[in-house]
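Scroll down for the structure; my scribbles are underneath it.
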Amino acid sequence: MEVPFIDFREQYQIIKEEIDVGLKSVFERGAFILGQEEKDFELDFAKYCDASYGIGVNSGTDALYLSLSCIGVGPGDEVILPSFTFIATALCVSYTGATPVFVDIEEETYNIDPEKFKEAITDKTKAVIPVHLYGQPANMNEIVASARDKNITVIEDAAQAHGATYNGKKVGSLGDIACFSFYPTKSLGAFGDGGMIITNNAEVNDKAFMLRDYGRKDSYDHVIKGFNSRLDTVQAVVLAAKLKRLDDWNKKCNELALMYFDLLEDLDDVFSPRIKADRTHVFQTFAVRVKNRDKVLEAMKKKGIGVLVHYPIPVHLQVAYAELGYKKGDIPVSEKISGEILSLPMFPHMKKEQVEYVCGALREILI
Ligand SMILES: Cc1ncc(COP(=O)(O)O)c(C=O)c1O
């Protein structure tokens with residue numbers, strides 16, 4: 001049996017008719033840039049996140065970069081973030097000229113350790129970016145409390161956690177600003193690149209709207225130096241159709257995760273994800289930890305299973321960040337997890353037999 005890491009073919013069949021109609025309408029009207037569908041989707045997704053404003057942009061990376069720009073982060077400032085994340089979380093800080101300050105994660109959730117965040121705060125700290133890694137929210141109560149004390153802006157990197165909740169509240173409404181990616185593999189994925197900034201702050205909303213569209217207030221009235229970073233109307237049509245089904249698809253991923261938990265429970269060498277009682281997980285990624293990860297990875301691939309590593313090198317040890325002078329051992333939990341973590345196949349329409357095959361293969365390899 002072949003089990004791909006991800007397969008959205010069935011998902012496409014479910015939304016096909018709806019998006020065919022929506023796209024035809026966009027094409028016939030030629031409303032490609034900031035068309036009505038894009039504006040509607042901004043409102044719908046903000047509402048879904050229990051927030052007031054949504055600003056569609058062209059990627060999750062730009063959502064983060066424009067958010068930092070909105071609050072005036074720049075050279076001389078520091079932004080704290082976990083080292084165990086996708087590099088985009090850090091790159092957006094670098095784009096502003098500010099310095100990313102990497103801290104460690106909690107071993108249980110793989111999310112930023114609130115104590116390490118607190119210890120890293122200096123007079124230069126302008127913002128913190130907790131990442132809701134793999135689909136489970138970070139420990140937001142503690143992070144927000146420490147940030148409020150010091151006037152630090154909290155920007156959620158929610159690229160992997162559309163629909164997840166923390167103490168009953170949706171991701172996207174837990175800090176000051178939240179950033180989503182609609183990269184195709186995300187829980188809510190476009191048919192290309194896309195992203196969104198979500199906030200309750202009217203000032204951030206106004207500025208982000210201008211920043212993503214050449215800094216204009218009106219057609220050719222440019223009040224700040226902005227960028228070209230808009231969400232395509234075509235992508236909004238796809239995303240709107242998927243948003244209606246997001247909760248159902250997240251539920252399906254949770255059911256598959258339960259199956260994984262059951263089938264892997266007796267394997268001492270496999271550490272399955274832990275879900276904190278005060279949160280829900282959306283399992284955008286189902287990542288386990290195993291000893292001899294690289295050997296297991298190769299053996300799984302030989303058995304026809306799509307497996308990946310998110311992420312093999314923590315960002316503080318990436319060559320791209322060599323200038324910051326971090327060395328091995330500086331951020332130990334992130335370094336340890338990056339050597340053990342292994343992402344197994346996970347997508348809403350994955351079949352029971354596929355989960356069984358993956359778990360059977362893992363069992364054979366490990367025993
Ligand atoms: C945690 C995290 N942050 C940021 C991004 C950047 O999003 P995008 O690829 O849409 O630029 C991604 C995904 O790619 C991500 O997983």
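Values quoted throughout were computed directly from the atomic coordinates according to the rules given, and no laboratory measurement underlies them. Keep in mind that this is a model prediction, so the values were computed, not measured. Positions of Cβ are backbone-derived with ideal geometry, glycine not excepted, and every protein chain shown enters the neighbour counts.
Looking at the calculated P(r) for the chain, what percent of the C-alpha pair distances fall above 39 Å?
On the way: 10106 of 67161 pairs.
In whole percent, the long-distance tail amounts to 15.
Quick one, what does Rg over Rh come out to for the range 135-246 if you take C-alpha atoms and the Kirkwood Rh?
Values: Rg = 15.5 Å, Rh = 15.4 Å.
Over the Cα atoms of the range 135-246, Rg/Rh equals 1.01.
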### Query
Of the listed peptides 345-356, 83-94, what is their order by residue-averaged count of other C-beta atoms within 10 Å, with the highest listed first?
83-94, 345-356
### Query
How do the peptides 20-32, 220-232, 283-295 rank, highest first, by the average count of neighbouring beta carbon atoms within 10 Å per residue?
283-295, 220-232, 20-32
### Of TYR311, TYR321, TYR260, the one that fluctuates the most in a GNM where the chain has Cα springs shorter than 10 Å
TYR321
### Message
Among ALA236, ALA120, ALA161, which one shows the highest mean-square fluctuation when the chain is modelled as a Gaussian network with alpha-carbon springs under 10 Å?
### Response
ALA120
### Task
Take every DSSP beta bridge whose two residues both sit in the chain, then give the antiparallel share in percent to the nearest 5.
60
### Message
Taking 21 Å as the cut-off for C-alpha to C-alpha distance, list the pairs among LYS39/LYS207; LYS252/LYS301; LYS252/LYS303; LYS47/LYS244; LYS169/LYS244 that go past it.
### Response
LYS252/LYS301; LYS252/LYS303
